[in-house]
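The values are calculated or read from the model by the stated rules, or taken from the named source; none is laboratory data. This structure is a prediction, so every number in the text was calculated from the model and none was measured. Counting neighbours? That spans all protein chains shown, and the Cβs are built from the backbone with ideal geometry, glycine included. Just so you know, the surface numbers come from the protein's heavy atoms only, side chains and all, with ligands and any DNA or RNA stripped out. Shrake-Rupley method; radii C 1.70, N 1.55, O 1.52, S 1.80 Å.
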Amino acid sequence: MRLGCPRAAGRFLAAVLMLAVAGCQSDKAADVLDPAAIAPAGQNASLSSTASIGTGPAKVAVLLPFSASGADAASARDIHDGVALAMDDLGKDRLTINFIDTPADSEKARMSALKAMADGAAAVIGPFQPGAAAGVAAIRGGQQHAPIFLMNDAARGQGGVYTVPLDAGSSLATAVDALARKGSRNFLLVLPEGKSAPTIERAVDFAAANHGGRLVAKARFTGQASVQAAVDTVFAVMATPDAVVVDAGDLSPAVVDAVRAKRRDVPIVVASNYGDAANPSLEGVLVADIDRREMGAVSGRYQARFGRPMAPLAAYAYDVVALLAGVEGAIGVKGFVPPIIENGQGYRGTTGLFRFRADGSAQRLLPLYRLKKGQFVQVAPAAAKFQ
């Protein structure tokens, strides 16, 4: 991760302080890290056998479910390996990572985070499971507790509790903004019923209105059986919109199919939670997502070490560890405070430019892509800097 303006890892220390104070940014993905300055990493190990990594003065707790299975086990592995690679690259003499077995139960997860901080953790990363993340997100205290970096996009904290992954509302708003800048004016929105629905509706509405557009109609569904009714509802208001916006998670292909049955050639925007990019139903859709080109050499090293592509969760974990390592190296653990973490100019990481806000959200500058045969084809670049 690139936290300042050095061109090699050896000059990282002085440059981090520059960024923490002044927000120095690079415009080159190759500047994220110098791969020639990084020693080859060792082989992977199980979660339970790597309970601690590093010998640095700042303790960081990473909350993971060691006994998880299925998709949760894969997510735990991604976060673990992203942390491990960042430590090899940047953090071994700055941080000590302690992996803590954390259950999915919200109250038990909250107690795990509090115990980690009582035991001296200067920062907490995780958890990622919804219930566990919601429990930890409820911790209050602001500067009275260590910063917490939640790895679930639906968990919302505040006062030193930050949500790291890209959320659906930010993804959709960025895409709608890009289309509205190019002249699209009339948008339809289809999304699931839930507590995040009003927030997403406002984000899309504002992004369209900011460039003279409007959210003409919106409809919510409660499951696959009600997808068609939601699509029928919005098209009954306007049969020829400039674009249809879809937040549907794993049901995105079903919603896209229903939209195309109404109008085959309408541009469709999906949120970054769309599921499998290779699904034929998603061919040609638009999505604002993290900057794949920024991952560059880091993702290559990840692939070489762990034998699989670098998933977004791994990249998010890498970025947080790199941020903490950089701040500790520049000004010590005393830099693990909101005024530094919430630096308005942001940080450049493997996921592109991002910054943490006082409300606990992560704001990201995202490119707009079109999915073609499971690949990301860039339609519009990310903005160069935060306004």
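At a threshold of 8 angstrom on Cα-Cα distance, excluding pairs fewer than six apart, so keeping six or more, what relative contact order does the chain reach in percent?
Worked out over the chain, it gives 20 percent.
When the chain is modelled as a GNM with alpha-carbon springs shorter than 10 Å, which of I331, I290, I148 fluctuates the most?
For the chain, modelled as a Gaussian network with Cα springs under 10 Å, the answer is I331.
Mind telling me which of V269, V176, V227 comes out most flexible in a GNM of the chain, alpha-carbon contacts under 10 Å?
Residue with maximal mean-square fluctuation among V269, V176, V227: V227.
May I ask which residue of V190, F235, A382 lies farthest towards the positive end of the charge dipole of the chain, with charges of +1 (Lys, Arg) and -1 (Asp, Glu) on Cβ and the Cα centre as origin?
Looking along the dipole axis, the top candidate is A382.
Pull up all non-local amide H partners of A383: gap of 5 or more, or a different chain, and H-to-H distance under 5 Å with H placed in the peptide plane.
L366
Roughly how many Å² is the accessible area per residue of the chain, as a whole number, for a 1.4 Å probe?
Accessible area per residue: 41 Å².
Which entries of K115/K385; K195/K334; K218/K385; K182/K218; K59/K108 have Cα-Cα distances beyond 28 Å here?
Checking Cα-Cα distances, K115/K385; K195/K334; K218/K385 exceed 28 Å.
For D101 and R140, compute 0.36 nm times the residue count separating them, minus their Cα-Cα distance, and round to one decimal in nm.
Contour length minus the Cα-Cα distance gives 11.8 nm.
Report, to the nearest whole %, how much of the accessible area of region 295-387 belongs to carbon and sulfur atoms, 1.4 Å probe, protein only.
Carbon plus sulfur share of accessible area: 55 percent.
If I model a spin label as a point 7 Å beyond the Cα along the Cα-Cβ vector, how far apart are those points for R357 and M111 in nm?
For the pair R357/M111, the computed spacing is 3.5 nm.
Pick from G159, G169, G120 the residue whose mean-square fluctuation is largest in a GNM of the chain, springs joining Cα atoms under 10 Å.
G120
State the percent of C-alpha pairs, over all pairs in region 119-165, separated by a distance greater than 16 angstrom.
26 percent
Using only DSSP helix segments of four residues or longer, with each worth -39500 (n - 2.57), what per-residue ellipticity at 222 nm results for the chain after dividing by its residue count and rounding to 500?
After summing the helix terms and dividing by residue count, I get -11000 deg cm²/dmol.
What does the charge dipole of region 208-362 about its Cα centre add up to, to the nearest 20 debye, if the Cβ of each Lys and Arg holds +1 and the Cβ of each Asp and Glu holds -1?
That gives a dipole near 140 debye.
Beyond 25 Å, what share of the Cα-Cα pairs of region 234-387 is found? Please give it as a whole percent.
Every Cα pair in region 234-387 considered, those over 25 Å come to 42 percent.
Please report the projected area of region 136-270's Cα convex hull averaged over all directions, in nm².
8.7 nm²
Grab the Cα-Cα distance for H211 and A197, subtract it from 0.36 nm times how many residues apart they are, and report the gain in nm with one decimal.
2.8 nm
Report, in debye and to the nearest 20, how large the dipole of the chain comes out about its Cα centre when Lys and Arg carry +1 and Asp and Glu carry -1 on their Cβ.
That gives the chain a dipole magnitude of about 700 debye.
What residue among A51, A104, A362 has its Cα farthest toward the positive end of the dipole of the chain, where the charges are +1 on Lys, Arg and -1 on Asp, Glu, each on the Cβ?
Of the options given, the answer is A362.
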